[in-house]
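Peer 1: One structure coming up, written as structure tokens, with questions to follow.
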Amino acid sequence: MDPSSRCISVLISSATNKYWIIPVLVVLLAFSAYFSATETALTSCNKIKLKSIEANDPKRSKKATKVLALLEKYDKVLTSILIGNNIVNITASSIATVLFVSVLTGKEDIAPLVSTIVMTLVVLLFGEVTPKAYAKERAESLAMTFCGTINFFYIVFYPLGWLLTLVKKIFKPANSSTYTEDELITMVEEAENEGGIDAHESELIQSAIEFNDVEVYDIMVPRVKVIAIEDNYTMDEIADVFKQNGYSRLPVYKETIDSVIGVIHIKDFYELYNNGGNDIKNIIQSSVCVTGNMKVSAALRLLQKAKTHMAIVVDEFGGTAGIITMEDIIEELVGEIYDEHDEIEELIRRDGDAYIASGTENLSELFETMGKEPSDEEQFDSTTVGGFASEQLGRIPMPGESFVYNGLKFTVMKADERKVSEVRIEFAPEEEKEDEEVVEE
């Protein structure tokens, strides 16, 4: 036994009752529980809840204000709490060692080991795990209850805390850590799982986080689906196009759709049409051009700057790859916006687990719906169901042909020599799952 322990042991032995130290250990353990609980309470506090209490609960508003003030200097306050917790734990362990040396007369050599085992279990159970679990569920309430004492210990340990903060600054990396995009998405998903936000709010926040990763190519209307008019169309022909498709704007091209010269608005057209005009050249507005690999966020800023709602997507050769509208971009954030001219849903459930999908249906959304998302290692050139069918079979398939992928059976329902228009998807029978490609005529 070391000299200091022997000295304290002698002092204890000379006392009337050497077990007076047990109440001292209980007090130290209580302080350990207090410091652990307040540490967790401050760490888990929800600032929004505290601000709501501050604004709407007169009885607790002052305490909420004090807790918010402590959170403003969170690092310094936490340092003070940790200092206090370490002091009481080390002191309790030292005194417990002396106590066990006194109790285990003749077995002083094993007293430190016994003390270490007992105090480790006691401190873990009553000084760490239990108080932290309790504080986690009552963070704001506990923080407001003890905000006065927390501030007291912050002042008491401030000099030592200041010294430790200075040391930390010396060894702190040049770049402070920030949240990555994936970490933010994980936080949103955890908030949804815990009931803090609903599924719609979670989807909206995640869409906003991922917004800058989306390219124009991902959401544009492809060339084959673009409704446009030639500059030599008659007024009646243009009126029919507006009437049949329900669009408010139409691209105007000269000779081929690769030579888009502008856009006309339905309001300008009918104003001219109703006044007997027959030349649309004066109402053609200049068009904005973007590339397919441009970020959607950049395209949005470009549309806002140009004060227009439609842009022409050009390919690397200067031809027209498609169009993108303000509505397409907004839908990427808030989800589908339907009007009376939109088809509500392209993916329709049929016969239990079977689906009928349009050839233009998004492939990722299909896999998500079926609960059969491919692994990160699997990459496809296609983004649509029809393109995926052609990619898997190595050609544009004929109606009736099918194949099995990842436990799903894809059967082509409608197709022509240029594209697949409709596909039936269902869970493959067991005997077909082992075969990656089953062709049925």
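Every number here is computed from the coordinates shown, using simple stated rules; none is lab data. Just so it is clear, the structure is predicted and the values come from calculations on it, not from any experiment. Cβ atoms come from the backbone with ideal geometry, glycine included; neighbour counts cover every protein chain shown.
Peer 1: Given a Förster distance of 22 angstrom, what is the FRET efficiency for residue 52 paired with residue 72, based on the Cβ-Cβ distance and rounded to 0.05? Numbers along the way, then the final one.
Peer 2: On the way: r = 17 Å, r/R0 = 0.79.
It comes out at approximately 0.80.
Peer 1: So if a site counts as exposed when it's one of the trypsin sites (Lys or Arg not before Pro), its DSSP state isn't H, G, I, E or B, and it has at most 10 other Cβ atoms within 10 Å, what's the longest stretch of the chain without one?
Peer 2: The reported range is 60-306.
Peer 1: Give or take rounding to whole Å, what are the principal axis extents of the alpha carbon atoms in the stretch 3-171, in descending order?
Peer 2: Extents along the principal axes, in whole Å: 64, 36, 26.
Peer 1: Full extension from residue 244 to residue 383: what is 0.36 nm times the residue separation minus their Cα-Cα distance, to one decimal in nm? Could the numbers behind the result be given before it?
Peer 2: Working: separation 139, 0.36 × 139 = 50.04 nm, distance 2.82 nm.
So the extension gain works out to 47.2 nm.
Peer 1: When only alpha-carbon atoms are used, what values of Rg and Dmax, in angstrom, describe the stretch 210-336?
Peer 2: Both quantities, over Cα of the stretch 210-336: 14.8, 49 Å.
Peer 1: Assuming R0 = 45 Å, what is the FRET efficiency of residue 237 and residue 168, from their Cβ-Cβ distance, to the nearest 0.05?
Peer 2: Values: r = 74 Å, r/R0 = 1.65.
With R0 = 45 Å, the Cβ-Cβ based efficiency is 0.05.
Peer 1: Something else: Quick check for me: using +1 on Lys/Arg Cβ and -1 on Asp/Glu Cβ, what's the dipole size of the chain about its Cα centre, in debye to the nearest 20? Don't skip to the answer; put the middle values down first.
Peer 2: Working: 40 positive and 73 negative charges, 1004 e Å.
With only Lys, Arg, Asp and Glu charged at Cβ, the dipole is about 4820 debye.
Peer 1: If you don't mind, there's one more thing I want to ask. Of all DSSP beta bridges in the stretch 214-273, what percent run antiparallel (nearest 5)?
Peer 2: Numbers: 6 of 8 bridges.
Roughly 75 percent of the beta bridges in the stretch 214-273 run antiparallel, per DSSP.
Peer 1: Next question. What three numbers, in Å, describe the spread of the alpha carbons of the chain along their principal axes, ordered from the longest?
Peer 2: Here the spans come out as 114, 61, 42 Å, largest first.
Peer 1: May I pose another question? Find, among the GluC sites (Glu not before Pro) in the stretch 220-325, those assigned to loop by DSSP (not H, G, I, E, B) with at most 14 other beta-carbon atoms within 10 angstrom.
Peer 2: On the way: sites: 230, 237, 255, 271, 316; in loops: 255, 316.
When the GluC sites (Glu not before Pro) of the stretch 220-325 are filtered for loop state and at most 14 Cβ neighbours within 10 Å, 255, 316 remain.
Peer 1: Distance in nm between label sites at residue 149 and residue 268, each 7 Å beyond Cα in the beta-carbon direction?
Peer 2: Computed distance between label sites residue 149 and residue 268 equals 7.3 nm.
Peer 1: Tell me, what HN-Hα J-couplings in whole Hz come from the Karplus equation 6.51 cos²θ - 1.76 cosθ + 1.60 at θ = phi - 60° for each residue of the stretch 213-218, using x for Gly and Pro?
Peer 2: 3J(HN,Hα) across the stretch 213-218, in whole Hz: 8, 7, 9, 3, 4, 5.
Peer 1: Amide H of residue 261: which non-local residues (sequence gap of 5 or more, or other chain) have their own amide H closer than 5 Å, using H built in the peptide plane?
Peer 2: 252, 253, 254
Peer 1: Hey, can you grab everything whose amide H is under 5 Å from the amide H of residue 290? Only 5+ residues off in sequence or another chain; H modelled, so Pro and N-termini drop out.
Peer 2: 312, 313, 314
Peer 1: Subtract the Cα-Cα distance of residue 414 and residue 137 from 0.36 nm times their separation in residues, and report this length gain in nm to one decimal.
Peer 2: In short, 94.0 nm is gained.
Peer 1: How charged is the neighbourhood of residue 154? Take every other residue with its Cβ under 11 Å from the Cβ of residue 154, and add Lys/Arg as +1 and Asp/Glu as -1.
Peer 2: Details: positive: 73, 76; negative: none.
That sum, taken over residues with Cβ under 11 Å, equals +2.
Peer 1: Sticking with this one: Determine ³J(HN,Hα), in whole Hz, for all residues of the stretch 111-127 in sequence, where each value follows from phi through the Karplus function 6.51 cos²θ - 1.76 cosθ + 1.60 and θ = phi - 60°; x replaces Gly and Pro.
Peer 2: Once rounded to whole Hz, the list reads 4, x, 5, 4, 4, 4, 5, 5, 5, 4, 5, 5, 5, 4, 6, 9, x.
Peer 1: Applying 1/(1 + (r/R0)^6) with R0 = 56 Å to the Cβ-Cβ distance of residue 160 and residue 305, what FRET efficiency is obtained, to the nearest 0.05?
Peer 2: FRET efficiency, residue 160 to residue 305: 0.50.
Peer 1: Through the Karplus equation 6.51 cos²θ - 1.76 cosθ + 1.60, θ set to phi - 60°, convert the phi angles of the stretch 80-85 into ³J(HN,Hα) values in whole Hz; use x for Gly and Pro.
Peer 2: 4, 5, 5, 4, x, 5
Peer 1: Determine the percent antiparallel among the DSSP beta bridges restricted to the stretch 216-334, to the nearest 5.
Peer 2: Antiparallel: roughly 70 percent of the beta bridges in the stretch 216-334.
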